[in-house]
Amino acid sequence: MKRRLLALLLAALPLHALAQSPADAPDLPPKAQVLEALLGSPMVRAAGSQIEAEEARARRLAAGTHEWTVRLTDQQRRVRATPDGRYNEWNVGVERALRLPGKSELDRQLGAAGVAGARVSRGDALHETSRALLGNWFDWRRELASAAQWRIQRDILARQARVVTRRVELGDAPRLENLQADAALAQAEGQLAQATGRAQVAAESLRRMYPALSLPADVPETAPVAVDADAATWIRAILEHNHELGVARAESARARIGASRADAERRPDPTLGAHMARDRDGEERILGLSLSVPLSGAGRRADADAAVAVAEAASWREAGVLRRVEAEAAALHRRATAAHTGWQSQQAAADALGKSAELTERAWQLGEGTLAETLAARRLAHDARLAARLAGLDASEARYRLLLDAHQLWPVDMDDEHGDHDHP
């Protein structure tokens, strides 16, 4: 089992030239834990069981719906014109409908299409679970970043409050500044408590949803990486591996085969039988064959027409999914590039406001400014730094989502084509 899982894992890692796989990046959970979390997801397990169901249906289609039928009749005949007018008689026979040529192959194709669609659906379940895991991971990281930034702000304001308290004691500052410093510190402590609580809630949700993940105490802050290659290359890669589009295509193919099978059913299957009878206590022995053929009518034609309409509807749904997935891929690429540009602007603003806050505090310490100006500058710098950190996480998540949809992040399609859906 371990060798099969390793072989599937290696086969599922696409070797694209768009970007180097960042699956072991320090700001993401370990790939081994991600794989265990994905395979343990109830949605993925349900999709694996659906493959088994489709495989059973495929065997049923290959075997056919016609079965042998045995008929046994026992009767007693009375004939008044004869002295001994009672005769024990019986009749036994077997019969079975036979599929016409071509129907068996269509049934096998229909079963294979169902299995193929179920495997693609399992890949889609893996992919959707991966998307959800990535989103929940970055939700938790955003709350961690918010708490960390408020902790820095709290420490800075606590230091300023101590300085103000000392200056008030020495008579170098009015008591109003002491009140202002204490109020700003209390506000920061309240915001820190709320941010810490939100981080704990996000962490608990992540642990409950994905028990295989071991959340670290902290995640290193890394600078977002710019998205390389042009939009057309990314869109092409996403369309090539999109599971939702694969599911739509599998359903369309299955519907087309179903339409062909319904059309073939307009030629009814004949029923061939053999029977043997014993009449008049064995004085008469009968051996015969029977052949019955249903007469095709309006019902079969209606079934065939309905199947053609269903196939056409599936084709239109496939076209709609293709159009939507292409639009989503283009929007995702644009969002990733815009998020990185936005982070750069937010980072520049944070650096500038941070320097401004330091200069304002230095001027206040030299008696050239007021505490209110210093607190306002610190608050602006804090807001800018928090916005920059959140923008950086947004940019990283957008890029990882782009890589995930292009199948360059985690092995989200291990058994789309291999059909091995055993659980570790």
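Between Thr337, Thr69, Thr374, where does the largest GNM mean-square fluctuation fall for the chain, given springs only between Cα atoms within less than 10 Å?
Its mean-square fluctuation being the largest, the pick is Thr69.
Helix 298-365 versus the longest principal axis of the chain: what angle, 0 to 90°, nearest 10, using Cα atoms?
On a 0 to 90 degree scale, this one is about 10.
Tell me, what is the percent relative contact order of segment 29-104, built from C-alpha pairs under 8 Å that lie six or more residues apart?
26 percent.
I need the phi-derived Karplus couplings for segment 28-40: 6.51 cos²θ - 1.76 cosθ + 1.60, θ = phi - 60°, integer Hz, Gly and Pro marked x.
Once rounded to whole Hz, the list reads 10, x, x, 4, 5, 5, 4, 4, 5, 5, 5, 5, x.
For the chain, take the longest principal axis of its alpha carbons; what is the angle in degrees between that and the long axis of helix 371-405, to the nearest 10 within 0 to 90?
The angle comes out at about 20 degrees.
So what's the Cα pair-distance distribution over the chain, bin width 20 Å, in %?
19, 33, 23, 14, 7, 3, 1, 0
Report, as a whole number in µm² per second, the diffusion coefficient that Stokes-Einstein gives for segment 129-199 at 20 °C and 1.002 mPa s using the Kirkwood radius over alpha carbon pairs.
Numbers: Rh = 13.7 Å.
My calculation gives 156 µm²/s for D.
Restricting to Cα pairs below 8 Å that are 6+ residues apart, what does the relative contact order work out to for the chain? Please round to a whole percent.
27
Averaged across orientations, what area in nm² does the convex hull of the alpha carbons in segment 244-283 project?
Values: hull surface 20.8 nm².
Seen from a random direction, the Cα hull of segment 244-283 projects 5.2 nm² on average.
If you line up the long axis of helix 243-264 against the longest principal axis of the chain, both from Cα atoms, how many degrees apart are they, to the nearest 10?
10
Would you mind putting 50-63, 165-178 in packing order, based on average other-beta-carbon counts within 10 Å, highest first?
Numbers: 50-63: 15.7, 165-178: 13.6.
The densest-packed peptide leads the list: 50-63, 165-178.
With all protein chains present, how much of the accessible area of segment 89-193 (probe radius 1.4 Å) comes from carbon and sulfur, to the nearest whole percent? Write out the running numbers ahead of the final one.
Numbers: 2540 of 4610 Å².
Here carbon and sulfur together make up 55 percent of the probe-accessible area.
When the chain is fully extended, how far beyond the present Cα-Cα distance does Glu326 get from Glu36, taking 0.36 nm per residue of separation?
Details: separation 290, 0.36 × 290 = 104.40 nm, distance 3.03 nm.
Gain in length upon complete extension: 101.4 nm.
Please state the relative contact order of segment 223-332 as a whole percent: Cα pairs under 8 Å, 6+ residues apart? All intermediate terms of the calculation are to be shown ahead of the outcome.
Details: 96 pairs, mean separation 41.1, N = 110.
In percent, rounded to a whole number, it is 37.
Using a 1.4 angstrom probe on the protein heavy atoms only, could you order His241, His382 from most to least accessible area?
If we order His241, His382 from most to least accessible, we get His241, His382.
The values are calculated or read from the model by the stated rules, or taken from the named source; none is laboratory data. Bear in mind the structure is a predicted one, so any value in this text is a computation, not a measurement. Ideal geometry is used to build each Cβ from the backbone, glycine not excepted, and the neighbour counts take in all protein chains shown. With ligands, DNA and RNA removed, areas are computed over all heavy atoms of the protein, side chains included. Shrake-Rupley method; radii C 1.70, N 1.55, O 1.52, S 1.80 Å.
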